[in-house]
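To start, the structure under review is shown below, and the notes come after it.
What follows is calculated from the coordinates using simple rules that are stated; it is not laboratory data. Not measured: the values here are computed from a predicted model. Reconstructed Cβ throughout: ideal geometry from the backbone, glycine too, with neighbour counts over all protein chains shown.
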Amino acid sequence: MKKHNFSAGPCILPSSVFKEASQAVLDFNNSGLSILEISHRSKDFVSVIEEARTLVLDLLGLQNKGYQALFLHGGASTQFLSVAYNLLEKKAAYLNTGTWSSKAIKEAKLFGEIIEVASSKDKQFNCIPKNYSVDQSFDYFHCTSNNTIYGTQIKEFPSVEIPMVCDMSSDIFSRELNFENFDLIYAGAQKNMGPAGTTLVVVKESILGKVSREIPSLFDYQIQIEKESMFNTPAVYAVYVSLLNLRWLQSLGGIKAIEKANHKKAQLLYSAIDNNSLFTGYAAKEDRSIMNATFNLKSKKLEPLFNDMCQEANINGINGHRSIGGYRASMYNALPISSVEILIEVMNQLERKA
Ligand SMILES: *Cc1c(COP(=O)(O)O)cnc(C)c1O
C-alpha cells in the first residue's frame, strides 16, 4: 500500500519517476547496461547531465542570461561554505530566518565578517523579518527562501544592489519568482528536485572571480563551470533521477502550473488547521510556507491518538523537526492533493472524536 508521504526530505517524487528510474537501474536506454555501471563520461550520461542543466535554466527562465547550472556534491550544507569561499572578500549580509540560515552564517564566518541584517530568532523563527535594509558595502546578501523546519517562506525579496544569494533547497521549482533577481541559487536536490546526493547551483558567471583568496578546485565555481560539473565523478544516479523529475515538471506546464497546484494544496491544509478547534498553526499567517506547513495540537494529550490515526490512514512523515516538535506536513511538487485531503479528513475525524 502506497503511503501518503509528507516527509520533509528526502521526499516524495512522482511515481512515474520512480518507475522510470528503477527501469534504468536494470537497463539504461536499452544499452544492456545499468545506469549504475556506466561511465560518467559516456555519451549517454553526458547527454543526461547536459539536458538536466538546460532544463534547469529553461524552467527558471534563465537561459542565455549569463547563468550556469551545476550539479555538485556535498549537499546544500557544503554551499554554506562554497558561497563564502567564492564571494566573500570582506563582509557579507545575512538574513537569519532559521536553523539553515544560522548554519550558513556559521560557515561563512570562517571567511570574513558576517552581519545579520535581521533575524527572527527572538520569535522562535515563526516569521520573516521585514523592513531591514542592505547597503552596498557588502560583498553579497544571503537569504533562505523557505524555512523547511519552521514553515515560513519569503514572499517578497528585498531589492539589493549587491549580488543576491539564496538557499532555495526546499522551494526551488515550486513557485514563480523573477529568478534574474538572484545571482546565485543553490538547493540540495532531495527536497523538491530529486533524490539526495546532488546539489544544484545556479550562478551568474559575472559575479565570480572577484575574491583574492585561492579556492580549492572542488569548491571553485569557475573550475566547476569549466569542467561542466565533472571535475570529479558526479552523482550519476541522483542527477539522472533529478532529470526525470524536471522532465515531469516541464510536461505538466512548468513552474507556473505546479505553483497553482501547490497553492491549492496549501490553502486547503491551512484552512483546515485554522478551522479545526484542536489545532493551531506555528508560522505567522502572512509568512506561511506553501511547501512545509507547521502546526500543533493544542492539547499534547491528543498526540498519541492523532499519531495512531495517521498511521492507520497510511500517512507518513508529518512529525515536526526534532528541534521544534509538533507537526509538519511537507507538500512538495509531487505530493498529490488527494494526500492532503486524507490528512484533513483524519484531522476532522479527530475533532469529532475528541
Ligand atoms: C535541508 C536543507 C538544507 C541542508 O541540506 P543538505 O543537502 O542536507 O546539506 C539547507 N537548507 C535548507 C533550506 C534545507 O531545507
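Tabulated data for the structure shown
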| read-out | value |
| --- | --- |
| Rel. contact order, % - alpha carbon contacts under 8 angstrom, at least six apart, the chain | 23 |
| Span-rule helices in the chain, defined as complete DSSP H runs reaching 20 Å or more along the axis (Cα) with Kyte mean at least -0.5 | 43-60, 236-252, 254-275, 337-353 |
| Listed residue pairs exceeding 28 Å between alpha carbons, taken from 123/204; 123/300; 123/353 | 123/204; 123/353 |
| Within region 252-351, trypsin sites (Lys or Arg not before Pro) in DSSP loop having at most 15 other beta-carbon neighbours inside 10 Å | 298, 322 |
| For residue 326, distant residues with modelled amide H under 5 Å away | 320 |
| Of 130/301; 191/256; 3/227; 2/121, those spanning more than 29 Å from alpha-carbon to alpha-carbon | 130/301; 3/227; 2/121 |
| Label-point separation in nm, residue 354 to residue 260, each point 7 Å along Cα→Cβ | 3.6 |
| Per-pair calculated FRET efficiency, R0 = 41 Å: residue 30 and residue 103 via Cβ, rounded to 0.05 | 0.40 |
| Amide H contacts under 5 Å for residue 279, placed H, 5+ residues apart | 298 |
| Percentage relative contact order, region 254-353, counting C-alpha pairs under 8 Å, at least six apart | 31 |
| Whole-Å distance, taken between Cα centres, linking region 21-84 and region 312-333 | 29 |
| Residue (of 36, 330, 115) at the positive-pole extreme of the chain, dipole from beta-carbon charges | 330 |
| Within the chain, longest stretch free of exposed GluC sites (Glu not before Pro) [DSSP loop, at most 16 other beta carbons within 10 Å] | 229-354 |
| Per-residue HN-Hα couplings for region 109-125 [Karplus 6.51, -1.76, 1.60; θ = phi - 60°; Hz; x = Gly/Pro] | 4, 5, 10, x, 8, 10, 10, 7, 6, 6, 8, 10, 4, 5, 10, 6, 6 |
